[in-house]
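Q: Below is a structure I'd like to ask you about.
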Amino acid sequence: MYRSHVLVCGGTGCTSSGSAKIREKLQEEIDKNGLHDEVQVVKTGCFGLCALGPVMIVYPEGSFYSMVKEEDIPEIVEEHLLKGRIVTRLLYKETVTDNGIKSLNETNFYKKQHRVALRNCGVINPENIDEYIGTDGYQALGKVLTEMTPEQVIQTILDSGLRGRGGGGFPTGMKWKLARNIVPDADQKYVCCNADEGDPGAFMDRSVLEGDPHVVLEAMAIAGYAIGANQGYIYVRAEYPIAIKRLEIAIKQAREYGLLGKNIFDTGFDFDIELRLGAGAFVCGEETALMTSIEGNRGEPRPRPPFPAEKGLYGKPTILNNVETYANVPRIILNGAEWFASMGTEKSKGTKVFALGGKINNTGLVEVPMGTTLREVVEEIGGGIPNGKKFKAAQTGGPSGGCIPSQHFDIPIDYDNLIAIGSMMGSGGLIVMDEDNCMVDIAKFFLEFTVDESCGKCTPCRVGTKRLLEILDKITKGNGTLEDIDKMEELCYYIKANSLCGLGQTAPNPVLSTLKFFRDEYIAHVVDKKCPAGVCKHLLSFEIDPTKCKGCTACARVCPGGAIEGTVKNPHVINKDKCLKCGACIEKCKFGAIVKK
Amino acid sequence: MGSTISSIPFAGTPEQEKQLRDVIAKYKSEKGCLMPILQQAQEIYGYLPIEVQKIIAAETGYPLEKIYGVVTFYAQFSLNPKGKYKISVCLGTACYVKGSGDIYNKLIEKLGIEGGGCTPDGKFSLEACRCIGACGLAPVLTVNDDVYGRLTVDDIDDILAKYN
């Protein structure tokens, strides 16, 4: 028995900020102080508060240390672990109160969260199957195999109201039901997991795979039993090395324990899982493209119907669900459909994980009941916008989604509400933008992405997105006209109506939603030839305020174009013909004398 | 996705070819074997020149044009060799709104190469990548396996200096 456990986050965010070295150092110091029989160091998955990484938590006290540096470790070991004195200066500020330390669950970041899919992330060691089993792991699979018929399993998932967490929001139970029944005499069926999390700025699936890989394996086996499949594939991004490694370990351990393989729990049910690595193609998040890619081809989508439930991988009935969807399944089986359906809104049940990013204080991972408002997520959980800036919009749904402006701040987040205001749930990336972000530039950013990632198979998407991007580029360079805006809008609807797959059908959304809510910014670009946020370089002009300029010459020395003229101790002037608009002078000026307009 | 053919001569060794043939032998009877073979071939050679694709075609029986089609489809496969130090700047949304575009442009300027290119001495190659999932540290870039986060344009010189 250990008297103390130190949980160190080993997710990608914290690993990137050096948590592996911290863990080594911690073990070294613990050994040095002769505490190795008393204190155990555990590498866990993501805690969620990535902005404060690297993070660790010491139990039983529950002290949450944030932004820990290697040189802090001896102090933590000697003071806290050896002498029992908590190192207050390293604690997460929010947990320190006048009356002592409050629990992490009472902080603003955590108190409105409700963790179902992320239940084990940051709690267990993902590389140890016993810890997963210790938190009821594989119990749901046991229950399903020994007490339930496949039809009952499907009915439970249907009753729970679980909808696909990858973006589309299709009822999961319906998908399973179709795959079970549509081809009654199928000799082979497949269960696939979409772990090709392609939306830039979304990292919830990665965190589940890194923090709790067994939950996905267990759920896939349950799905296999429900639809009558004995082979599963997880299609995971090659860009997620830690997730891949943990999945490999988890599959190996589950096979050793007889939880994957032949005759699971002596019930005669066989199920095994293999990994397939993606190779960096966003379109492979689309179900038919993903399956084509697993087959070893260019990952191009194909028309539906037939849907994968009828003809999927290798032409066999196949279900494809996303990681977060699977992560909910074992809990639904154990706690019942009513429990799950009691959370959320009328048509969107349960919880949703969001990856908070962009201009927000608490970047990280949060899981909230469906129906939580954007305001609660951004202001309360996310801690608001840094540097006293003003909220402008939240972008959800990645390149398929849209921007939600402040007038919809109080909208309860669920699938249908987001679609109604021209955005979508997507996989759960939630990027916050402030007044310094130009919405035309953001639309252009997403179009650059879709042009790059369009597979080229159908013309509306291949050519249409390219034309959209050209118009946006023209507008950001100050050459746009009002007619361009109308033309662009019209083109958006053509692309949406005529593209083959979800990528093209949703690609114009970033343009349409910014046009809807921020049309004035577009107009400012084409009529006034100004970029109100000061982002689009071609529309900016730099000037020196002669009353503030002290003539220190710092700007003239840094200017790459030699555009700044003036003599020492006299106000300088920018020659607009030579100015490259690089902004180097602004960064160097200590007196705030240079303004961009 | 670099679809132009590299002008740098192919310099594969017999050891590499043996490794490649072992990989092909291991996978070729499996369904959907092409992706894992190409992924491991790129691990062995660092890129997938036409010479390597020809070996794969001969051993697996897939037509060369199919293999070339797959290689050029996926961003992860490269027809060109990468630099000793591979710099990837994340242009995912979270990093972009925090200014990673400026960092990328600064690197293009400093290294004198375009995105996807490699410096003539083979030292640095530069590419943009989509979200490595370290959004909490935005904006980020990676040099091989090292991750640098919470960057500003001013950090670029120090980072490059570490590898020079």
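The values are calculated or read from the model by the stated rules, or taken from the named source; none is laboratory data. Here the structure is a predicted model, which means the values were calculated and not measured. Neighbour counts run over all protein chains shown; Cβ positions are idealised from the backbone, glycine included.
Q: For residues that are outside any helix (DSSP H, G or I) and at negative phi, scanning just the stretch B:18-33, find the one that is farthest from the chain's Cα centre (by Cα).
A: First, pick out the residues of the stretch B:18-33 that are outside any helix (DSSP H, G or I): B:28-33.
Those still in the list that are at negative phi too: B:28-31, B:33.
Values: B:28: 24, B:29: 27, B:30: 26, B:31: 26, B:33: 21 Å.
Ranking the candidates gives B:29 first.
Q: Okay, moving on. So, in the stretch B:96-143, exactly how many residues are among the aliphatic types (A, V, I, L, M), in contact with a helix residue (DSSP H, G or I) (Cβ under 9 Å, 6 or more places away or on another chain), more than 26 Å from residue A:15 (Cα to Cα) and surrounded by fewer than 19 Cβ atoms within 10 Å (Cβ to Cβ)?
A: Count: 1.
Q: Report the residue count in the stretch A:64-94 for those that are within 24 Å of residue A:50 (Cβ to Cβ) and part of a loop (DSSP other than H, G, I, E, B).
A: Here is the first cut: in the stretch A:64-94, the residues within 24 Å of residue A:50 (Cβ to Cβ) are A:64-73, A:75-76, A:80, A:86-94.
Remaining after also requiring part of a loop (DSSP other than H, G, I, E, B): A:66-69, A:86-87, A:92.
Final tally of qualifying residues: 7.
Q: Answer yes or no as to whether residue A:195 is of a type in the set (Gly, Ala, Ser), touching a residue at least 40 places away in the same chain (Cβ under 8 Å) and touching a Cys at 6+ places or on another chain (Cβ under 9 Å). Step through it out loud before you land on a result.
A: On the way: of a type in the set (Gly, Ala, Ser): yes; touching a residue at least 40 places away in the same chain (Cβ under 8 Å): yes; touching a Cys at 6+ places or on another chain (Cβ under 9 Å): no.
Judged against the criteria, residue A:195 is not a match.
Q: Let me ask something else about it. Among the candidates A:471, A:475, A:495, A:404, which residue alone is within 21 Å of the chain's Cα centre (by Cα) and of a type in the set (Val, Ile, Thr)?
A: Details: A:471 fails: within 21 Å of the chain's Cα centre (by Cα); A:475 fails: within 21 Å of the chain's Cα centre (by Cα); A:495 fails: within 21 Å of the chain's Cα centre (by Cα).
After ruling out the rest, the residue left standing is A:404.
Q: Among the numbered criteria (1) among the hydrophobic types (A, V, I, L, M, F, W, C); (2) surrounded by 24 or more Cβ atoms within 10 Å (Cβ to Cβ); (3) closer than 30 Å to residue A:356 by Cβ, which single criterion is violated by residue A:144?
A: Every condition holds for residue A:144 apart from (3).
Q: For the stretch A:352-384, name all the residues that are outside any strand (DSSP E or B), more than 10 Å from chain B (Cβ to nearest Cβ) and not β-branched (Val, Ile, Thr). Give the derivation first.
A: Residues of the stretch A:352-384 outside any strand (DSSP E or B): A:359-363, A:370-372, A:374-384.
Pick out the ones that are also more than 10 Å from chain B (Cβ to nearest Cβ) and you get A:361, A:370-372, A:374-384.
Within the stretch A:352-384, A:361, A:370, A:371, A:374, A:375, A:376, A:379, A:380, A:382, A:383, A:384 qualify.
Q: A follow-up question, please. So which of A:597, A:588, A:537, A:581 is in contact with a Ser or Thr (Cβ under 6 Å, 6 or more places away or on another chain), at pLDDT below 90 and closer than 27 Å to residue A:437 by Cα? Outline the logic, then answer.
A: On the way: A:588 fails: in contact with a Ser or Thr (Cβ under 6 Å, 6 or more places away or on another chain); A:537 fails: in contact with a Ser or Thr (Cβ under 6 Å, 6 or more places away or on another chain); A:581 fails: in contact with a Ser or Thr (Cβ under 6 Å, 6 or more places away or on another chain).
Checking each option against the conditions leaves just A:597.
Q: Moving on to the next point. Which one is surrounded by the fewest Cβ atoms within 10 Å (Cβ to Cβ) among residues in the stretch A:542-568 that are β-branched (Val, Ile, Thr) and under 17 Å from residue A:597 (Cβ atoms)? Before the answer, list the steps.
A: Of the residues in the stretch A:542-568, the ones β-branched (Val, Ile, Thr) are A:544, A:547, A:553, A:558, A:564, A:567-568.
Narrowing the set further to residues that are under 17 Å from residue A:597 (Cβ atoms) leaves A:544, A:547, A:564.
On the way: A:544: 20, A:547: 7, A:564: 23.
So the residue we want is A:547.
Q: Checking residue A:326 against (1) closer than 19 Å to residue A:158 by Cα; (2) of a type in the set (Phe, Trp, Tyr); (3) surrounded by fewer than 24 Cβ atoms within 10 Å (Cβ to Cβ): exactly one of these is not met. Which one?
A: (3)
Q: Take the residues in the stretch A:272-293 that are farther than 20 Å from residue A:398 by Cα and buried (at least 24 other Cβ atoms within 10 Å of the Cβ), then tell me which one is farthest from the other protein chains (Cβ to nearest Cβ). So that I can check it myself, show each step before the final result.
A: Filtering the stretch A:272-293 down to residues farther than 20 Å from residue A:398 by Cα leaves A:272-277, A:291-293.
Adding the requirement that they be buried (at least 24 other Cβ atoms within 10 Å of the Cβ) leaves A:291, A:293.
Details: A:291: 10, A:293: 7 Å.
Only one residue fits best here, namely A:291.
Q: Something else about it: Tally up the residues in the stretch A:213-252 that are in a loop (DSSP other than H, G, I, E, B), within 14 Å of chain B (Cβ to nearest Cβ) and buried (at least 24 other Cβ atoms within 10 Å of the Cβ), please. Break it down stepwise before answering.
A: Let us first name the residues in the stretch A:213-252 that are in a loop (DSSP other than H, G, I, E, B), namely A:228-230, A:237-240.
If we keep only those that are within 14 Å of chain B (Cβ to nearest Cβ) too, we end up with A:237-240.
Those still in the list that are buried (at least 24 other Cβ atoms within 10 Å of the Cβ) too: A:237, A:239-240.
Qualifying residue count, the stretch A:213-252: 3.
Q: Scan the stretch B:59-114 for residues that are at negative phi, more than 8 Å from chain A (Cβ to nearest Cβ) and part of a loop (DSSP other than H, G, I, E, B) and jot them down.
A: Hits for the stretch B:59-114 are B:62, B:63, B:79, B:80, B:81, B:82, B:83, B:84, B:113, B:114.
Q: Hey, can you tell me all the residues within the stretch A:1-30 that are outside any loop (DSSP other than H, G, I, E, B) and within 14 Å of another protein chain (Cβ to nearest Cβ)? Spell out the reasoning first.
A: We begin by selecting, within the stretch A:1-30, every residue outside any loop (DSSP other than H, G, I, E, B); these are A:4-9, A:12-16, A:19-30.
Within the stretch A:1-30, A:9, A:12, A:13, A:14, A:15, A:16, A:19, A:20, A:21 qualify.
Q: With the structure loaded, tell me whether residue A:392 is farther than 15 Å from residue A:355 by Cβ, within 14 Å of chain B (Cβ to nearest Cβ) and either free of Cβ contacts under 8 Å to residues at least 12 places away in the same chain or out of contact with any strand residue (DSSP E or B) (no Cβ under 7 Å at 6 or more places or on another chain) (or both) or whether it fails that test. First the steps, then the outcome.
A: Numbers: farther than 15 Å from residue A:355 by Cβ: yes; within 14 Å of chain B (Cβ to nearest Cβ): yes; either free of Cβ contacts under 8 Å to residues at least 12 places away in the same chain or out of contact with any strand residue (DSSP E or B) (no Cβ under 7 Å at 6 or more places or on another chain) (or both): no.
No: the conditions fail for residue A:392.
Q: Given the condition under 25 Å from residue A:260 (Cα atoms), in contact with a His (Cβ under 8 Å, 6 or more places away or on another chain) and either modelled with pLDDT of 95 or more or not assigned by TED's automatic domain parsing to the domain that holds residue A:447 (or both), answer yes or no: does some residue in the stretch A:134-148 qualify? First the steps, then the outcome.
A: If we filter the stretch A:134-148 for residues that are under 25 Å from residue A:260 (Cα atoms), which is where we start, we get A:134-148.
So of that shortlist, the ones also in contact with a His (Cβ under 8 Å, 6 or more places away or on another chain) come out as A:137-138.
Applying the additional criterion that residues be either modelled with pLDDT of 95 or more or not assigned by TED's automatic domain parsing to the domain that holds residue A:447 (or both) yields A:137-138.
Looking for residues that are under 25 Å from residue A:260 (Cα atoms), in contact with a His (Cβ under 8 Å, 6 or more places away or on another chain) and either modelled with pLDDT of 95 or more or not assigned by TED's automatic domain parsing to the domain that holds residue A:447 (or both), one finds at least one in the stretch A:134-148, hence yes.
Q: Going by the structure shown, is residue A:326 within 13 Å of chain B (Cβ to nearest Cβ) and either in contact (Cβ under 8 Å) with a residue 24 or more places away in the chain or more than 23 Å from the chain's Cα centre (by Cα) (or both)?
A: Numbers: within 13 Å of chain B (Cβ to nearest Cβ): no; either in contact (Cβ under 8 Å) with a residue 24 or more places away in the chain or more than 23 Å from the chain's Cα centre (by Cα) (or both): yes.
Against the criterion (within 13 Å of chain B (Cβ to nearest Cβ) and either in contact (Cβ under 8 Å) with a residue 24 or more places away in the chain or more than 23 Å from the chain's Cα centre (by Cα) (or both)), residue A:326 does not qualify.
Q: Does residue B:78 qualify as being outside the structural domain of residue B:114 (by TED's automatic domain parsing), polar (S, T, N, Q) and surrounded by fewer than 13 Cβ atoms within 10 Å (Cβ to Cβ)?
A: Numbers: outside the structural domain of residue B:114 (by TED's automatic domain parsing): yes; polar (S, T, N, Q): yes; surrounded by fewer than 13 Cβ atoms within 10 Å (Cβ to Cβ): no.
No, not satisfied.
Q: On to the next question. Is it true that some residue in the stretch A:410-431 is within 14 Å of chain B (Cβ to nearest Cβ), under 19 Å from the mean Cα position of the chain (by Cα) and of a type outside the set (Gly, Ala, Ser)?
A: The answer is yes; a qualifying residue exists.
Q: Do you know which residues across the stretch A:438-447 are under 20 Å from the mean Cα position of the chain (by Cα) and within 11 Å of chain B (Cβ to nearest Cβ)?
A: Step one: list which residues in the stretch A:438-447 are under 20 Å from the mean Cα position of the chain (by Cα), which gives A:442-443, A:445-447.
A:442, A:445, A:446, listed by residue number.
Q: Which number in (1) more than 20 Å from residue A:162 (Cβ to Cβ); (2) touching a strand residue (DSSP E or B) at 6+ places or on another chain (Cβ under 7 Å); (3) within 14 Å of chain B (Cβ to nearest Cβ) marks the one condition that residue A:400 misses?
A: Among (1) more than 20 Å from residue A:162 (Cβ to Cβ); (2) touching a strand residue (DSSP E or B) at 6+ places or on another chain (Cβ under 7 Å); (3) within 14 Å of chain B (Cβ to nearest Cβ), residue A:400 violates only (2).
Q: Sticking with this structure for a sec: Take the residues in the stretch A:176-209 that are among the hydrophobic types (A, V, I, L, M, F, W, C), within 17 Å of residue A:241 (Cα to Cα) and part of a loop (DSSP other than H, G, I, E, B), then tell me which one is nearest to the other protein chains (Cβ to nearest Cβ).
A: A:203
Q: Taking the condition among the acidic types (Asp, Glu), within 13 Å of chain A (Cβ to nearest Cβ), part of a helix (DSSP H, G or I) and closer than 23 Å to residue A:199 by Cβ, does residue B:154 pass?
A: Values: among the acidic types (Asp, Glu): yes; within 13 Å of chain A (Cβ to nearest Cβ): yes; part of a helix (DSSP H, G or I): yes; closer than 23 Å to residue A:199 by Cβ: no.
Against the criterion (among the acidic types (Asp, Glu), within 13 Å of chain A (Cβ to nearest Cβ), part of a helix (DSSP H, G or I) and closer than 23 Å to residue A:199 by Cβ), residue B:154 does not qualify.
Q: Looking only at residues that are part of a helix (DSSP H, G or I) and crowded, with 19+ Cβ neighbours inside 10 Å in the stretch B:45-58, which one is nearest to the other protein chains (Cβ to nearest Cβ)?
A: The first filter runs over the stretch B:45-58 and keeps only residues part of a helix (DSSP H, G or I), leaving B:45, B:50-58.
Still in the list and also crowded, with 19+ Cβ neighbours inside 10 Å: B:45, B:52-53, B:56.
Working: B:45: 15, B:52: 15, B:53: 14, B:56: 11 Å.
So, considering only residues that are part of a helix (DSSP H, G or I) and crowded, with 19+ Cβ neighbours inside 10 Å, the one nearest to the other protein chains (Cβ to nearest Cβ) is B:56.
Q: Show the residue pairs that are 6+ apart or on different chains and have beta-carbon atoms under 8 Å apart, the first residue being within the stretch A:451-474 and within 15 Å of residue A:282 (Cα to Cα), the second being surrounded by fewer than 21 Cβ atoms within 10 Å (Cβ to Cβ) and small (Gly, Ala, Ser).
A: Note: pairs meeting the criteria are A:462/A:456.
Q: Of (1) crowded, with 17+ Cβ neighbours inside 10 Å; (2) more than 19 Å from the chain's Cα centre (by Cα); (3) within 14 Å of another protein chain (Cβ to nearest Cβ); (4) among the polar types (S, T, N, Q), residue A:387 satisfies all except one. Which?
A: (1)
Q: Now for a separate question. Take the stretch A:95-125 and flag every residue that is surrounded by 16 or more Cβ atoms within 10 Å (Cβ to Cβ), assigned to a loop (DSSP other than H, G, I, E, B) and of a type in the set (S, T, N, Q).
A: The answer is A:107, A:113, A:120, A:125.
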